[in-house]
1. Could you look through the stretch 28-43, keep only residues that are β-branched (Val, Ile, Thr) and surrounded by 18 or more Cβ atoms within 10 Å (Cβ to Cβ), and pick out the one that is nearest to ALA153 (Cα to Cα)?
2. Out of the stretch 239-281, which residues are modelled with pLDDT of 95 or more, touching a Leu at 6+ places or on another chain (Cβ under 9 Å) and of a type in the set (D, E, K, R)?
3. Please work out which one of (1) assigned to a loop (DSSP other than H, G, I, E, B); (2) more than 21 Å from the chain's Cα centre (by Cα); (3) at pLDDT below 80 is the condition ASN15 fails and give its number.
4. Can you tell which of ARG210, ARG228 is at pLDDT 90 or above, among the basic types (Lys, Arg) and either part of a helix (DSSP H, G or I) or out of contact with any Cys (no Cβ under 6 Å at 6 or more places or on another chain) (or both)?
5. Which numbered condition in (1) over 24 Å from ILE182 (Cα atoms); (2) crowded, with 21+ Cβ neighbours inside 10 Å is the only one that PRO48 fails?
6. Restricting attention to the stretch 152-164, and to residues there that are modelled with pLDDT of 95 or more and touching a Gly at 6+ places or on another chain (Cβ under 9 Å), which single residue is farthest from LEU196 (Cα to Cα)?
7. Considering only helices (runs of 4 or more DSSP H) fully contained in the stretch 64-181, which possess at least 1 residues that are farther than 29 Å from TYR36 by Cα?
8. Mind counting the residues in the stretch 263-273 that are free of Cβ contacts under 8 Å to residues at least 40 places away in the same chain and more than 21 Å from VAL286 (Cβ to Cβ)?
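The values are calculated or read from the model by the stated rules, or taken from the named source; none is laboratory data. Treat the numbers as computed from the prediction; the structure is a model and nothing was measured. When we count neighbours, we look across all protein chains shown, and the Cβ atoms used for this are built from the backbone with ideal geometry, even at glycine.
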Amino acid sequence: MAKNANLGAAKSAKNDEFYTQYADIQKEVNAYIEYYPDVFRGKTILLPCDDPEWSNFTKFFAQNFEFFGLKKLISTSYAIESKKYKTDWQPTLFETENPIYNVEKSRIKGKIFTLTHDTNNSGRIDIDDLQWSYLEGDGDFRSAEVTALRDEADIIITNPPFSLFREFLAWIMEGKKSLLLIGNMNAITYKEVFPLIKDNKLWLGTTDVRWFYQESTDSPLYEAAHSRWFTNLDHGRRHQPLQLMTMADNIKFSRHKEIKGIGYQHYDNYDAIEVPYTDAIPSDYVECLGVPISFLDKYSPEQFTIIGATESEGKGFSNGLWNPESGVAQALINGERVYKRIFIKANRGGADNQ
C-alpha cells in the first residue's frame, strides 16, 4: 500500500476520478441510519459521476435496497471518450456479454443503471436485479438528461471529481435535493460552499475518508488527504455539544503552550480572540472567537452560531469575511497573517450549559 499524499501523481495526469472503498461508505451511511432509521425509506437515490460496474456506491445501495426501504436506485456513468484523461480502458464482461452491448456506444455514451424490483424472481431485491441501458448522451451531470434524473431523485450521493466539486454542489442545490458527497476539507472555505455552511444548509458528515483507489489501473490505494463527507442529512454527532473548560481553566490547565499561562490573543483587525485549537474554546466567553476550519468537525448549531470566515484560496472578497459588518479578508495578529479562520459566537447558554 503506497501513500500518495493529496493524490498528487494522479492530479499531474489530470485524472481525479477515484473510487471510494465499500467500508468507508458503509461507516458513513450507518451514522444516518442510526440517527433516523427511515432516512432512505421510500426515497429515490441518484448516484451520478460514477462507473456503476466499479462503483461501491452502487454495490452498497443495491445490496441494502430492501433494508433501507428504497423506492428506486439510479446510477449513471460518464462516457470514456468524454473524459479529459485517457487510459487503456476496456469494457467489462458485464457490459460486453449483455445482448444490448454496442461497441460504438460503449465509448461515447454514458450508462444508466436502475433498480426498482425483483427482476430475476429470487425473492429479494439486490444487485442482481440491476437493469441498464445506454444514455442518449455522455452522462455529464450538467446535461438535460442527467439533470432530469436529478429532479426525479430525493437524495444524491457520490464522490464527484474534486475539480468539479463546486459546480456539482451548485447543481444539486439548484435542484433543492438532499446530498451526501465526498470533498476536500478545504472546500469549506470556498466562496460557493461556506455560505451554505454558515446558513446551516450544509455541514460535515461523521467520518473522514483516508484512501481512494482506481479500479482501472494497477496502482495501489491513494491517500485521500483531508477528505471529508459533506451533507445536508441530519446525524447525531452534529447535535452533541463540545465539553469545554472556562477561560481561566484553559489559561491554567490547557495542554497547548500557546495558551497555558499566557491567555488568548486578540486580532489586530477584527474584534475577536484567536483560538488556535477547538478544544481550547473557552466555555464562558460570549463574544466572537476565531477558530480553525477543523472546528466544523465538532460544530453543533445549538451550541454556536457561525458569523463569518476569512478569505478563501488566497482571494479576498468585497466584504472580506462573509460577514457584511466586517470587511476583513484575513485575520492578523501582531501584523502576521493567521491561517484560515471561522468566526463563531456561543449561543445563549450554548457554550457553558454542558
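1. The qualifying residue nearest to ALA153 (Cα to Cα) is VAL39.
2. Those that are modelled with pLDDT of 95 or more, touching a Leu at 6+ places or on another chain (Cβ under 9 Å) and of a type in the set (D, E, K, R): GLU274, ASP279.
3. Exception for ASN15: condition (2).
4. ARG228
5. (1)
6. Per the stated criteria, the residue is ALA153.
7. Values: elements: 65-68, 93-96, 105-108, 144-152, 165-174.
In the stretch 64-181, 93-96, 105-108, 144-152, 165-174 are the helices (runs of 4 or more DSSP H) which contain 1 or more residues that are farther than 29 Å from TYR36 by Cα.
8. Total meeting the criteria: 0.
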